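Report on one structure; see the data block that follows.
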There are 2 protein chains.
Amino acid sequence: MIKNEVKAIQDIYPDDFSWCYGCGQKNESGHHFRTFWEGDQTVTIYEPKPEHTALPGFVYGGLIASLIDCHGTGSAALALHKKNGHVVGDGAEPPRFVTGSLKVDFLKPTPHGCPLKAVGKVEEIHPKKFKVVTEVYAGDTVCVKGEVIAVVMPATFLQNQ
Amino acid sequence: MIKNEVKAIQDIYPDDFSWCYGCGQKNESGHHFRTFWEGDQTVTIYEPKPEHTALPGFVYGGLIASLIDCHGTGSAALALHKKNGHVVGDGAEPPRFVTGSLKVDFLKPTPHGCPLKAVGKVEEIHPKKFKVVTEVYAGDTVCVKGEVIAVVMPATFLQNQ
């Protein structure tokens, strides 16, 4: 299992920030997306559940958009954590990001029944704003491309509830 | 209940096309988004479930992206069905669309615990391609804007599985 081999950024989010339906480890009903470094790229792997269909045999686009979204914020957190001199698991609390914008291009229907692999390239466009360009693979085929603008979460976010 | 008062486009999708996790009536685990006309705009109303959180108190962005996605394809289907001289419920089978691209701008955090209302404007940009610009309201506040390019589903789509 990947979980035992690699530390994902979501594994070290503080409890207060672990309730995301996409990637929060404490959200029992959620997808539990987990994002980690693979060389200088970021990776999230997820196998859609049987119900995650658009039509029988194809993956639901909203799930893929969700994967790209959480992969984007997770990738940005990985990148800023690294820039701050940390590696996942060294005990330091990672930064948290929110999604400013999300763009998804569905290049071809995504087959259901195999793991999807989101592969991201992260670019800092401002000290508090990162762009993550993602390709989603089913096997060797890029089925979807995505772009997330991720913004450092304001410190007041939780207080504004 | 809206379901008893208004016919949504998803209510009349053929069975083969009713398995979408977002809007398919036959997908028991899905969201069952339902899209209908309100004047010359299209509307989809959905109340996120307790687990659909980003952080406690705020709605998960991937769910909102899913809402905008299915609202987009549903709105395009409503528009082309109307252009073809039909009203929902007259017995004619509606056209089906797939999402070519999806863009979502998260303007502000979306509060959890109330229904969300997606309101769309549909524009034909090609006989087989429609643009749907959507605003997602929580109460009177627009929290998210979206744009979907929806494309008429190729007749060969189901055969290509």
Reported set for the stretch A:96-124 where residues are of a type in the set (Lys, Arg) and touching a residue at least 40 places away in the same chain (Cβ under 8 Å) is A:ARG96, A:LYS103, A:LYS117, A:LYS121
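Regarding A:VAL98, is this residue at pLDDT 95 or above and over 20 Å from A:TYR13 (Cβ atoms)? Reasoning before the result, please.
Details: at pLDDT 95 or above: yes; over 20 Å from A:TYR13 (Cβ atoms): no.
Criteria not met by A:VAL98.
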Reported set for the stretch B:85-128 where residues are outside any strand (DSSP E or B), closer than 19 Å to A:ASP105 by Cα and more than 14 Å from chain A (Cβ to nearest Cβ) is B:LYS128
Those residues that are within 13 Å of chain B (Cβ to nearest Cβ) and surrounded by fewer than 19 Cβ atoms within 10 Å (Cβ to Cβ), I need them from the stretch A:36-84; list them, please. A:LYS49, A:PRO50, A:GLU51, A:PRO56, A:GLY57
Does the stretch A:54-71 contain any residue that is under 18 Å from A:MET153 (Cα atoms) and touching a Pro at 6+ places or on another chain (Cβ under 7 Å)? no
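Yes/no matrix, rows are residues, columns are (1) within 22 Å of A:GLY100 (Cβ to Cβ); (2) free of Cβ contacts under 8 Å to residues at least 40 places away in the same chain; (3) outside any helix (DSSP H, G or I):
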| position | (1), (2), (3) |
| --- | --- |
| A:ASP16 | yes, no, no |
| A:LYS26 | no, yes, yes |
| A:SER29 | no, yes, yes |
| A:LYS49 | no, yes, yes |
| A:LEU63 | yes, yes, no |
| A:LEU67 | yes, no, no |
| A:GLY72 | yes, no, no |
| A:ALA76 | yes, no, no |
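For the stretch B:133-151, name all the residues that are more than 14 Å from chain A (Cβ to nearest Cβ) and farther than 20 Å from B:PRO50 by Cα.
The answer is B:VAL133, B:GLU135, B:ASP140, B:VAL142.
The values are calculated or read from the model by the stated rules, or taken from the named source; none is laboratory data. It should be emphasised that the depicted structure is a prediction, and the values quoted were computed from it without experimental measurement. Virtual Cβ from ideal backbone geometry, glycine too; neighbours counted across all protein chains shown.
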